[in-house]
1. Please enumerate the residues belonging to the stretch 193-232 that are in a loop (DSSP other than H, G, I, E, B) and either over 19 Å from residue 165 (Cα atoms) or within 25 Å of the chain's Cα centre (by Cα) (or both).
2. Please go through the stretch 178-222 and pick out each residue that is closer than 15 Å to residue 159 by Cβ and among the polar types (S, T, N, Q).
3. Please work out if residue 78 is among the charged types (D, E, K, R), touching a Cys at 6+ places or on another chain (Cβ under 7 Å), modelled with pLDDT of 75 or more and buried (at least 18 other Cβ atoms within 10 Å of the Cβ).
4. Can you list residue pairs whose Cβ atoms sit under 6 Å apart, with the first residue in the stretch 186-206 being surrounded by 13 or more Cβ atoms within 10 Å (Cβ to Cβ) and the second being assigned to a loop (DSSP other than H, G, I, E, B)? Count only pairs 6 or more apart in sequence or on different chains.
5. Look at residue 53 and say whether it is over 30 Å from residue 267 (Cα atoms) and aromatic (Phe, Trp, Tyr).
6. Please go through the stretch 243-267 and give me each residue that is modelled with pLDDT of 75 or more and among the charged types (D, E, K, R), ordered by number.
7. Does the stretch 48-60 contain any residue that is under 27 Å from the mean Cα position of the chain (by Cα) and within 23 Å of residue 9 (Cα to Cα)?
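The values are calculated or read from the model by the stated rules, or taken from the named source; none is laboratory data. Note that the coordinates shown come from a computational prediction; the quantities given were computed from them, not determined experimentally. Positions of Cβ are backbone-derived with ideal geometry, glycine not excepted, and every protein chain shown enters the neighbour counts.
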Amino acid sequence: MKTLRQHLHEIIFEADTTSGKWFDVVLIVSIVFSVVLVMLDSVEAIQAVYGQWLLLGEWFFTLLFTAEYLLRLFCVQRPLLYARSFFGVVDLLAILPTYLSVILPGGQYFIIIRVLRLLRIFRVFKLVQFLSEARLLLAALRASLRKITVFLFTVLTVVIIFGALMYVVEGAANGFTSIPRSIYWAIVTMTTVGYGDIAPQTDIGQALASVIMIIGYGIIAVPTGIVTVELTQAVHRGMVSTQACPGCGSDGHDKDARYCKYCGTTL
């Protein structure tokens, strides 16, 4: 027989059961409606007519999310560990502003942070394949961080060099009034945005602009290639499980994991 805590954990943290799926659906719908209420309350004409109803609706959702937050703390074996996690902090921030608004007028508008909780949407409808792909992409981005950092440093060096050259060639008469402003032009040109607020007028300046445009097109695919390689390697390393830890509520474990990699609780 499952204990009450285990049963609630399965409903609140998992989406493998019908009750768990519907819990997530109701939660996400509530989050959307609560954010809409905040937006409507900021419109003066609507607030003047329906202010009392909006206030009642806000307190209803606040009490609902408060109960959900307390249940999450009750379900896990290590509530303090969950409370310090990303979603634990977001859950707390989602309910605090309304209570603060009692002593701090206007504080209720900070509940717009509830939109962050929509990140839980990947748990709904048992979209395991999308959740797994999202985690693989995150792992690939983390693995690519150093390479992308070096790449961005190289790009920064290039735009500084070209910006300084354009400052020397064009000068203030053609809009290149300083090296920082010239660097701004180089960044805009290399990223193919091309605002057109500054443009080279001399032949040498236009030649340099052509070079930096070609370089811009050439480097667009570099970050994509880096991430793609890391993504392929992440796929080869294997998929991750959607099992949530009963101890701290964390997920993202390997499929063959028997213990939580964050707190050591048996999965």
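1. 193, 195, 220
2. Across the stretch 178-222, the qualifying residues are 178, 182, 189, 191, 192.
3. Numbers: among the charged types (D, E, K, R): yes; touching a Cys at 6+ places or on another chain (Cβ under 7 Å): yes; modelled with pLDDT of 75 or more: yes; buried (at least 18 other Cβ atoms within 10 Å of the Cβ): yes.
For residue 78, the condition - among the charged types (D, E, K, R), touching a Cys at 6+ places or on another chain (Cβ under 7 Å), modelled with pLDDT of 75 or more and buried (at least 18 other Cβ atoms within 10 Å of the Cβ) - is met.
4. 188/195; 198/175; 206/200
5. Taking the combined requirement at face value, the residue satisfies it.
6. Passing the criteria: 258, 261.
7. no
Let's see how each residue does on (1) at negative phi; (2) modelled with pLDDT of 75 or more; (3) polar (S, T, N, Q):
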| residue | (1), (2), (3) |
| --- | --- |
| 190 | yes, yes, no |
| 194 | no, yes, no |
| 221 | yes, no, no |
| 231 | yes, no, no |
| 241 | yes, no, yes |
